[in-house]
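Only the coordinates and a few stated rules stand behind these numbers; no lab work does. Just so you know, these numbers come straight off a predicted model, no measurement behind them. Please note: Cβ atoms are built from the backbone with ideal geometry, for glycine as well, and neighbour counts cover all protein chains shown.
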Amino acid sequence: MLGSLREKLARTRNAFRKVEDLFRSGKRRDEILDGLEEALIQADVGVPATETIVAALKAKTSKVESEAGLERALKDELVALLSPRDGNPPTGGGPAVILMVGVNGGGKTTSAAKLAARYKQDGRRVMLAAADTFRAAAQEQLAIWGKRLGVPVVKGSYGADPAAVVFDAAQSFKAQQGDILLVDTAGRIHTNTNLMAELEKVRRVVVRELPDARIESLLVLDATVGQNAVLQAREFLKFSGLTGIFLTKVDGTAKGGAAIAVASELGLPIRYLGVGEGEEDMAEFSPREFVEALLS
């Protein structure tokens, strides 16, 4: 897994090359730490997260002079920042509803399909709800995925109320005694309050119709947007009770360092990485493996 992730993160690894070079430079501790701030910012980690990391290293490595010791300390600090602050997300054998939310173009539909494929492979009874009724061909795209994966898809008419589609999906889900209901929502413009309110309406329908289900809201973020991902996540956090992040297109960008910025500034756990277009191109996020893939 680690070797494969290294390959998928090749472009982001290149962005972290200056960080790695510092630990091979022969410089003293203070010089390395001074250079680390600039190197992390250039790797798209962002100023707030970088300041947090460097301050922690200065406090924790006062007696560490070796380059290897400083590098280990950096890796440990990054792993700590990327690890869920409240432990792992809730799991269980009962039914679960996963809302896929985010702005247009982030990869929600494909990410929902990847999760459907993974859960079905695990023997779970999966259903997809096409609650994006406004984007042209969105429901058709999900229907194609459903047919390919052998997973039922509940759709509505173009322009229909997304909450009504979710209501129908919930009824079908209960009738078929499903395990996992994946809801593909319309792309939200994160500054549009009306669209955010609509998303809350969808969530209320799920809570009302499936009171015994575990509900997750995964924010789908496009890694290629870099620091803009932080802004998107901050706005969505106000509205939809996010439980985690699905970071997409990680294989095609040098801006994967934004994952550290999002986790550090907002405390949202990254749950999955999208590393390609196929249904199998998804990895459950491991903070340690991610850091080792970047710096090794």
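Among Leu231, Leu128, rank each residue by its count of other Cβ atoms within 10 Å, from fewest to most, as a rough exposure measure.
Values: Leu231 12, Leu128 27.
The fewest-first ordering by Cβ neighbours comes to Leu231, Leu128.
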Q: Hey, can you grab everything whose amide H is under 5 Å from the amide H of Glu216? Only 5+ residues off in sequence or another chain; H modelled, so Pro and N-termini drop out.
A: Val97, Ile98, Leu99
Q. Counting every Cα pair in the chain, what percent are over 34 Å apart?
A. 25
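Size of the dipole of the stretch 1-135 about the Cα centre, Lys and Arg at +1 and Asp and Glu at -1 on the beta carbon, nothing else charged, in debye to 20? Write down the numbers at each step before the final one.
On the way: 23 positive and 18 negative charges, 151 e Å.
Dipole about the Cα centre, nearest 20: 720 debye.
For n ≥ 4 DSSP H runs only, could you compute -39500 (n - 2.57) per run for the chain, divide by its residues and tell me the 222 nm figure to the nearest 500?
Numbers: 13 runs with 147 residues, N = 296.
Dividing the helical sum by the residues of the chain leaves -15000 deg cm²/dmol.
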Q | Selection from Leu82, Thr110, Val291 lying farthest towards where the dipole of the chain points positive, charges on Cβ | A | Thr110
Q.
Which of rounded, prolate or oblate describes the stretch 232-278 when judged by the alpha-carbon gyration tensor and an a/c cut-off of 1.5?
A. prolate
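Tell me, what is the FRET efficiency for Ser62 and Ala197 to the nearest 0.05, using R0 = 45 angstrom and their Cβ-Cβ distance as r?
On the way: r = 50 Å, r/R0 = 1.12.
The pair Ser62/Ala197 has a calculated efficiency of 0.35.
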(Q) Compute the helix-to-body angle for 108-121: its Cα long axis versus the longest principal axis of the chain, expressed 0 to 90° and rounded to tens. (A) 80
**Q.** Which of Thr110, Thr243 has the fewest Cβ neighbours within 10 Å, and the rest in rising order
**A.** Thr243, Thr110
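On a 32 Å Cα-Cα criterion, which of the cross-link pairs Lys114/Lys174; Lys108/Lys174; Lys120/Lys249; Lys174/Lys249 come out too long? Before the final figure, lay out the partial values.
Values: Lys114/Lys174 23 Å; Lys108/Lys174 24 Å; Lys120/Lys249 23 Å; Lys174/Lys249 34 Å.
Over 32 Å apart, Cα to Cα: Lys174/Lys249.
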Q: Using the Cα centre as the reference, give the magnitude of the dipole from point charges on the C-beta atoms of the stretch 2-82 (Lys, Arg: +1; Asp, Glu: -1; all else neutral), rounded to the nearest 20 debye.
A: 300
Q: With only Lys, Arg, Asp and Glu charged, each at its Cβ (+1 for the first two, -1 for the last two), find how big the charge dipole of the chain is about the Cα centre; round to the nearest 20 debye.
A: 380
Q: List the residues whose amide H sits under 5 Å from the amide H of Met282, counting only those 5 or more places along or on another chain, with H placed 1.01 Å from N in the peptide plane.
A: Val275
Q: Could you run the Karplus curve 6.51 cos²θ - 1.76 cosθ + 1.60 with θ = phi - 60° over the stretch 219-228 and give me ³J(HN,Hα) per residue in whole Hz, x for Gly and Pro?
A: 7, 8, 10, 7, 4, 5, 7, x, 5, 4
Q: Could you list which residues have their amide H under 5 Å from that of Thr248, counting only those 5 or more apart in sequence or on another chain, with H placed in the peptide plane?
A: Leu221, Asp222, Ala223, Gly274
Q: Would you mind putting 37-43, 98-104, 174-180, 267-273 in packing order, based on average other-beta-carbon counts within 10 Å, highest first?
A: 98-104, 267-273, 37-43, 174-180
